[in-house]
Each structure stands twice: as C-alpha cells, then as structure tokens.
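Novice: The structure that follows is given in the form of structure tokens.
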Amino acid sequence: MLTDYLVGQVQFFLLIMMRMLGMIVVAPFFSSVLIPMRMKATLALGITFVIFPILSKQLTLTIPEDIISYVILIANELIVGVSIGFVIAIIFGAFQLAGQFFSIQMGFGISEVFDPLSQVHVPLVGQFLTLLGSLIFLLMDGHLVLIEAIYESYTKVPVLDLVKSSGPLSKLIIEVFTSMFTVALKISLPIIGTLFIVTLSMGLLAKFAPQMNILMLGFPIYITIGFVMLILLLPFIVENGRSFMDVYLRRIFQLF
C-alpha cells in the first residue's frame, strides 16, 4: 500500500515537472543556449520540489495504470508548458522583427549575428532590440511571472484538461502573433519614415549633382541618422515594449 502511494506521488511529481520543463525549454531567457540543458532540467526540478507539496494537497488525480495513457499525460503537460513559453517567445519576436524592418534601410541588412536567445541569425539592430526586450522582461520580473503563471495553470488547467483549454490557448497564440507585427511596425515606423525621407533627399541630390558618389556617401548618412533616431526613440521603444509584455502576461493569467 505504501509502495503504491509512493509510486503515485512520483508519477504525479513527474507530470508537474514536465509542464515546468516545457516552459523553460521554450520561453526566452530560460531557453537561451548559453544555459546548459542540465541546468534547465535542474531548475525545473528545483521549482517542482517547491510547489509539489502545495499542489499535491490542492489537486486530486487518478494516475492511469497503463504506460501508454501515462505517456499521453506527460505529452499533455509538455504541450501546456511549451504553449505558455511560446506565447512569451512571440512577444520577444516583436523586438527582433522591428529591428529587421529598418536594418536594411540603415545598411545593416548584410551583417548578421547569432542571437543566443532566439537561436537564429538576426541583423545587428535586431540583436540590440532583442537584448533591450530581455532587459525590459527582467525589469518587469517576467521570469518570476512565468513561474507564477505555470503554478496558476496547475489549478486552473489541471491534468487531462488540455482539450478543454486548447481553443482559448490557440486563440491567444494567434492574437499575440498578430499583435507582434503591429507592435514591431509601431516601434520601427518613425525610423523607417525618417530613412525614407533621407532616401528621397539623396535621390534629389543625385539628380542635381550626378558627379557625386551618392552610394558611398549614403551609407554613413543612413547609419548615423538611423542610430540617432534609435537613441531618441529608446524611451518610446521601452514604453511600448513594456506595455506589450504587460498586456499579454496578464492575458495568460486571464486565460487560466
């Protein structure tokens, strides 16, 4: 009898850990390649140790006896955690996309660096805005909010209830994905507009002074004006990014 109880608790513990691990593997900051997978698993294990005594008293769950049903349960928990992490990853995508919108106009379209957070090659400006988004995320205690969201999800979306919550969860992912383009365009539009005016000016200059090498003259002008505008718009970018993150972190809790 005691053995069956211990086996059931271990199985319940593993289910809780799988949801936490799914979020850590996908969510920005936690999912960085700079953090070894062993550390991510250790973090998920440590957090699960803290919340397991509370959840074991709040939740009642009948663990299936056959291995196939239990594996389906584990996959169920991983999907919930990955979905929460994916929503946050889409939010970070707005900063990266904003940088890609105007990096070509600035002359940085060719030069790309590897972003350890998103694990893709991005322009230099996109890398800068991604790091800025990471700082905003940490200043908002977003990493703690994510852990709290996972904890809330256990009580609001218990094990075996993924089918019931898949509709609202999919709707939230589509909503965040759509808003990502809106926020990215809002952040980048002032710089794009300014660089467009500079391009028109350079075109008129090339028309009236064809002997000038406008191509070579234009690169430092585009880069200088682009960085000046980026520095001037930093408070605007931070405020919009913070508002965007705050809205959809709240939406995650509202979903549950």
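The values are calculated or read from the model by the stated rules, or taken from the named source; none is laboratory data. Here the structure is a predicted model, which is why all the values come from computation and not from measurement. Note: ideal-geometry Cβ built from the backbone for every residue, glycine included; neighbour counts use all protein chains shown.
Novice: Mind checking which pairs have a first residue in segment 215-229 that is surrounded by 11 or more Cβ atoms within 10 Å (Cβ to Cβ) and a second that is modelled with pLDDT under 80 and assigned to a helix (DSSP H, G or I), Cβ under 7 Å, 6 or more apart or different chains?
Specialist: Close Cβ pairs satisfying both conditions: 218/202; 222/105; 222/106; 223/106; 226/102; 226/106.
Novice: Look through 95, 49, 13 and report the one residue that is at negative phi and under 25 Å from the mean Cα position of the chain (by Cα).
Specialist: Numbers: 49 fails: under 25 Å from the mean Cα position of the chain (by Cα); 13 fails: under 25 Å from the mean Cα position of the chain (by Cα).
Of 95, 49, 13, the one residue that is at negative phi and under 25 Å from the mean Cα position of the chain (by Cα) is 95.
Novice: Moving on. Does residue 197 satisfy the criteria of being among the β-branched types (Val, Ile, Thr), exposed (fewer than 14 other Cβ atoms within 10 Å of the Cβ) and over 20 Å from residue 243 (Cα atoms)?
Specialist: Judged against the criteria, residue 197 is a match.
Novice: Follow-up. Answer yes or no: is there a residue in segment 24-31 that is at positive phi and either surrounded by fewer than 17 Cβ atoms within 10 Å (Cβ to Cβ) or within 27 Å of the chain's Cα centre (by Cα) (or both). Spell out how you get there, then give the answer.
Specialist: Step one: of segment 24-31, the residues at positive phi are 29.
Next cut, either surrounded by fewer than 17 Cβ atoms within 10 Å (Cβ to Cβ) or within 27 Å of the chain's Cα centre (by Cα) (or both) only: 29.
Scanning segment 24-31 turns up at least one residue that is at positive phi and either surrounded by fewer than 17 Cβ atoms within 10 Å (Cβ to Cβ) or within 27 Å of the chain's Cα centre (by Cα) (or both).
Novice: Something else about it: Evaluate segment 176-193: report whether one residue or more is within 16 Å of residue 97 (Cβ to Cβ) and among the charged types (D, E, K, R). Let's see the steps before the verdict.
Specialist: First pass over segment 176-193, keeping only residues within 16 Å of residue 97 (Cβ to Cβ): 176-192.
Add one more test, that the residue is among the charged types (D, E, K, R), and what stays is 186.
Yes.
Novice: Only one of these is closer than 14 Å to residue 149 by Cβ and part of a helix (DSSP H, G or I): 88, 74. Name it.
Specialist: Values: 74 fails: closer than 14 Å to residue 149 by Cβ.
Unique residue meeting the criteria: 88.
Novice: Exactly one of (1) modelled with pLDDT of 80 or more; (2) surrounded by fewer than 20 Cβ atoms within 10 Å (Cβ to Cβ) is unmet by residue 3. Its number?
Specialist: Answer for residue 3: the failing condition is (1).
Novice: Exactly one condition in (1) modelled with pLDDT of 75 or more; (2) crowded, with 18+ Cβ neighbours inside 10 Å is not met by residue 140; state its number.
Specialist: (2)
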